[in-house]
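Take a look at the structure below.
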Amino acid sequence: MKVTIFGTGYVGLVTGACLAEMGNHVLCVDIDAAKVERLKHGEIPIYEPGLESIVRRNHAGGRLEFTTDAASAIAHGELIFIAVGTPPDEDGSADLKYVLAVARSIGQHLDRYAVVVNKSTVPVGTADRVREAVASELAGRQVAVEFDVVSNPEFLKEGAAVEDCLRPDRIIVGASSERAVAVLRKLYAPFNRNHERMVVMDERSAELTKYAANAMLATKISFMNEIANIAERVGADVELVRQGIGSDPRIGYHFIYPGAGYGGSCFPKDVQALERTAHNHGYEARLLGAVEAVNRQQKTKLFELISRHFDGRLAGRTIALWGLAFKPNTDDMREASSRELMEALWGAGAKVRAFDPEARQETHRLYGERDDLVLCEHAEDALQGADVLAVVTEWKAFRSPDFSAIRAALAEPAIFDGRNLYDPATVEEAGLAYYGIGRGRSLRIQ
Ligand code: UDX
């Protein structure tokens with residue numbers, strides 16, 4: 001099928017590449033000419049496992065092309081995806097200016113039936129606004145072209161986006177037209193594997209499904225962080241509690257890992273946006289507000305532990321930091337807990353020596369050259385001349401370090417384990433102090 005995708009950001013590029021991989025002819029359009037040029041040369045602007053090879057292969061095969069020309073892109077697709085950004089505005093609502101600009105542009109150029117597919121995470125009711133924007137431009141041109149608008153939210157995880165896209169758990173399609181549903185069924189048929197993955201509903205339910213999924217996941221995390229905060233006060237170990245409750249299939253083992261707070265481009269933004277949507281409809285979503293508040297507090301946790309360890313005297317100290325990205329397998333620093341920690345340490349006069357397998361360049365882009373930040377090439381380098389070590393992101397490479405080497409390198413051997421990667425007893429036997437999240441049994445927290 002012929003597919004057009006507006007936006008070559010994270011969602012647009014992954015979706016475009018995966019649809020091309022399934023044999024469709026995909027044309028991706030972006031207003032950023034430099035980015036389009038780079039994509040044509042197989043340069044991928046983001047780090048995402050597997051993406052580069054799938055983009056290159058399909059581009060070489062002629063199934064994946066890039067352009068800045070909206071008119072020819074609209075002429076191309078029987079399906080036109082909108083996958084442009086929806087940044088939060090000041091009050092936390094998603095800003096729809098890019099989405100609606102694409103909708104208007106579609107209305108200005110469309111000359112035959114097409115299905116407009118909303119992929120961006122957008123507030124409930126956006127499909128209607130997109131429909132109005134397309135229709136009003138068509139009316140202005142006095143052309144009678146039929147079109148449908150469908151909501152088809154993505155559920156990609158960074159670091160596993162290609163895999164999630166090629167092998168989805170479910171494909172949510174919000175549509176009110178049989179004709180549009182038939183077009184999407186055809187497009188997604190190769191993704192079904194053993195059973196039907198497409199769940200068809202109305203547009204508003206599809207839009208809310210996306211927010212509900214992310215809010216539920218964020219709630220699980222904040223809930224566990226709250227239990228961790230209780231655990232450390234009552235002298236329990238949240239890691240044991242986690243295993244104890246996860247074995248109940250109604251709770252499950254996934255997404256109940258306590259830690260230094262959730263980050264990324266989705267959870268913080270989507271929880272706030274859903275809270276705002278509820279508020280705008282006269283409902284105060286107290287649970288969502290609490291999820292957000294617990295997370296904000298959790299992001300200060302590592303700093304508090306470190307500060308307490310040094311009795312508040314952090315000036316002149318050097319902290320080794322392992323992990324900068326908001327989670328492993330990405331270079332994304334958006335809302336990363338490491339940023340909260342570094343900024344608080346700098347504010348208290350401490351220096352940071354940091355290592356991350358992928359996010360060093362991004363950290364440099366965000367903070368530039370500064371005396372109190374050294375970005376190290378290796379995890380071991382970050383330890384040299386440091387007082388203590390804080391682990392913020394659970395990269396696999398940090399899972400089983402040589403604790404005696406860490407102890408030898410640190411001036412005041414202590415590990416602040418922001419993701420509960422280590423067994424407190426093992427760390428302590430190696431001669432280091434151990435601080436985790438919610439691990440009251442090591443009793444250093446109180
Ligand atoms: C998320 C959703 O998982 C995905 O379905 C949606 O499409 C986009 O948002 P992503 O932002 O890539 O994906 O990250 P995810 O893997 O969900 O992790 C988000 C944050 O939660 C990370 O900071 C991670 O460290 C934290 N987290 C996750 C925990 O603290 N504990 C957990 O148990 C799980």
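Nothing in this text is a laboratory measurement; each read-out follows from the coordinates by a stated rule. This structure is a prediction, so every number in the text was calculated from the model and none was measured. Because the Cβ atoms are built from the backbone with ideal geometry, glycine has one as well, and the counts that use them run over all protein chains shown.
A DSSP coil position with no more than 12 other Cβ atoms inside 10 Å describes the following trypsin sites (Lys or Arg not before Pro) in region 100-145: R112. 3J(HN,Hα) couplings calculated from phi for region 419-435 with the Karplus curve 6.51 cos²θ - 1.76 cosθ + 1.60 (θ = phi - 60°) are, in sequence order, 10, 6, 7, 10, 7, x, 5, 4, 5, 5, 5, 7, x, 10, 6, 10, 10 Hz; Gly and Pro show x.
Note on region 313-394: Rg/Rh from C-alpha atoms, Kirkwood Rh, equals 0.92. You can think of it this way: the chain between A405 and Y283 has 38.5 nm of extra reach, that is 0.36 nm per residue less the Cα-Cα gap.
Going by neighbour counts of Cβ atoms within 10 Å, the residues D169, D89 line up, fewest first, as D169, D89. Taking every C-alpha pair closer than 8 Å and separated by at least 6 residues, the mean separation divided by the residue count of region 277-339 gives a relative contact order of 16 percent.
With +1 on each Lys and Arg Cβ and -1 on each Asp and Glu Cβ, how big is the dipole of the chain about its Cα centre, in debye rounded to the nearest 20?
The dipole magnitude comes to about 620 debye.
Lacking any other cysteine beta-carbon closer than 4.7 Å, the following Cys residues of the chain have no compatible partner: C28, C266, C376. According to the Cα-based calculation, Rg over Rh for region 2-201 is 0.94, with Rh computed by the Kirkwood formula. Residue order for W322, W395, fewest other beta carbons within 10 angstrom first, comes to W395, W322. Expressed to the nearest 5 percent, the antiparallel share of DSSP beta bridges inside the chain is 5 percent. Please grab the % of Cα pairs in the chain that end up more than 44 Å from each other. For the chain, the share of Cα pairs beyond 44 Å comes to 19 percent. Relative contact order of the chain, taken over Cα pairs closer than 8 Å and 6 or more residues apart, is 12 percent.
When only Cα pairs under 8 Å and 6 or more residues apart are kept, what is the percent relative contact order across region 9-94? Working shown, then result.
Values: 91 pairs, mean separation 31.4, N = 86.
That works out to 37 percent.
Peptides 409-416, 143-150, 309-316 ranked from most to least packed, by the mean per-residue count of other Cβ atoms within 10 Å: 409-416, 143-150, 309-316. In this label model, R141 and E178 are separated by 2.8 nm, measuring between points 7 Å along each Cα→Cβ vector.
Rg then Dmax, both in Å and based on the Cα atoms of region 202-446: 18.5, 61. Here is the size of region 391-431 from its Cα atoms: Rg then Dmax, 9.8, 25 Å.
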